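Here the structure comes first, spelled out in structure tokens, and everything after it is commentary.
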Amino acid sequence: MDTIDALRLFVGIAETGSLSAAARHASVATSTVTVALQQLEERAGVSLVTRSTRRLSFTHEGRQFLADSRRILADWDAAIVGARGALLSGPIKITAPQEFSQLGLALMVDRFLLEHPAVKITLHFADDVVELVGNDIDVALRFGPLNDSSLMARLLLRGSRVVCASPAYWNARGVPRKPDDLTEHNCLVHARPDAASAAWPFLVEGKPISVRVQGDRVANDSGALRDWALAGRGVIRRGALGIRNELSTGQLVTALDVFSVGDANLYAVTTGQLRNQRVIAFIDFLEQQLLAAYPAVR
């Protein structure tokens, strides 16, 4: 099998989560994906993927090989485009959570446009889940876990959700020791039409539970919740990526860390099999920018 094709199938395994899903995405037999993986592992001389009957995971070498594969494919595609004398051009419409307006997305877009001046980008910030097809969205940045759908998702950054408040709030109200203690706290709820955000999930003794929380403030904007938490008004639950500076400086302090409260991995979501070169180029560029900005996250 051609090495470039094998690399594409290998990346497809990561983006879809399984060999069979990668096969469906590429419109090939599952055996073809298996052969591609075996071919790459034989050439590399190491195991890249660990498989069991219930899950698939990448080895340490596999994760590095995945990053290198994406870079090689991006360089290859860019070389093909360059050989054809074609410039990336046309519109890209992006939707992202509100917090990305403070996380430098606009500056990353600016850098991309400096390299591809014939591209035009529209940014739509919204915490609500925006339908891609009905709104002509090319790519949506979304935090996981994602709902099952026909959309394609590419992992950009790994992250987690945390429960946190300001030191002043914890000093005044006490730090919760178990998830149920949150019922005695002023929890600041993120209002979203697609999720019951007032029910916060936890893992207690290996079993998932849900705690119904309440408080005197509700907002559909994550920035407002962060500002209230910083002011000592209550407890929030959100992705650590969006408040990494506040956590690192001690302005916000986490609680209940021993109870898993869910991941907040960042994905680039697109419709169907992506063949738009300018959108592919933008997602590749964005991933590199994010990894450079948050090297310890993934």
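Inside region 201-234, residues that are in a strand (DSSP E or B), open to solvent by less than 80 Å² (accessible area, probe 1.4 Å) and among the β-branched types (Val, Ile, Thr) make up a count of 3. Within region 48-74, the set of residues being open to solvent by less than 60 Å² (accessible area, probe 1.4 Å) and not in a helix (DSSP H, G or I) comprises 48, 49, 56, 57, 58, 59. Of the residues examined, residue 14 is one that is under 29 Å from residue 112 (Cα atoms) and touching a Leu at 6+ places or on another chain (Cβ under 6 Å). Out of 237, 278, I need the residue that is in a helix (DSSP H, G or I), on the phi < 0 side of the Ramachandran plot and among the charged types (D, E, K, R). Which one? That would be 278, the only listed residue that is in a helix (DSSP H, G or I), on the phi < 0 side of the Ramachandran plot and among the charged types (D, E, K, R). Taking the criterion of being closer than 16 Å to residue 175 by Cα, open to solvent by less than 50 Å² (accessible area, probe 1.4 Å) and touching a Phe, Trp or Tyr at 6+ places or on another chain (Cβ under 8 Å), the residues of region 235-257 that qualify are 235, 236, 255, 256. If you go through region 11-33 and keep only what is crowded, with 16+ Cβ neighbours inside 10 Å, of a type in the set (Ser, Thr, Tyr) and at pLDDT 90 or above, you end up with just 32.
Within region 163-170, is there a residue that is crowded, with 19+ Cβ neighbours inside 10 Å and under 17 Å from residue 267 (Cβ atoms)? No, the conditions are met nowhere in region 163-170.
Would you check if there is a residue in region 136-143 being surrounded by fewer than 16 Cβ atoms within 10 Å (Cβ to Cβ) and out of contact with any helix residue (DSSP H, G or I) (no Cβ under 9 Å at 6 or more places or on another chain)?
yes
The values are calculated or read from the model by the stated rules, or taken from the named source; none is laboratory data. This one's a predicted model, so the numbers in the text were calculated from it and none came from an experiment. Using ideal geometry, Cβ is built from the backbone for each residue, glycine included, and neighbour counts are taken over all protein chains shown. SASA here: full protein model, heavy atoms, side chains in, ligands and nucleic acids out. Shrake-Rupley method; radii C 1.70, N 1.55, O 1.52, S 1.80 Å.
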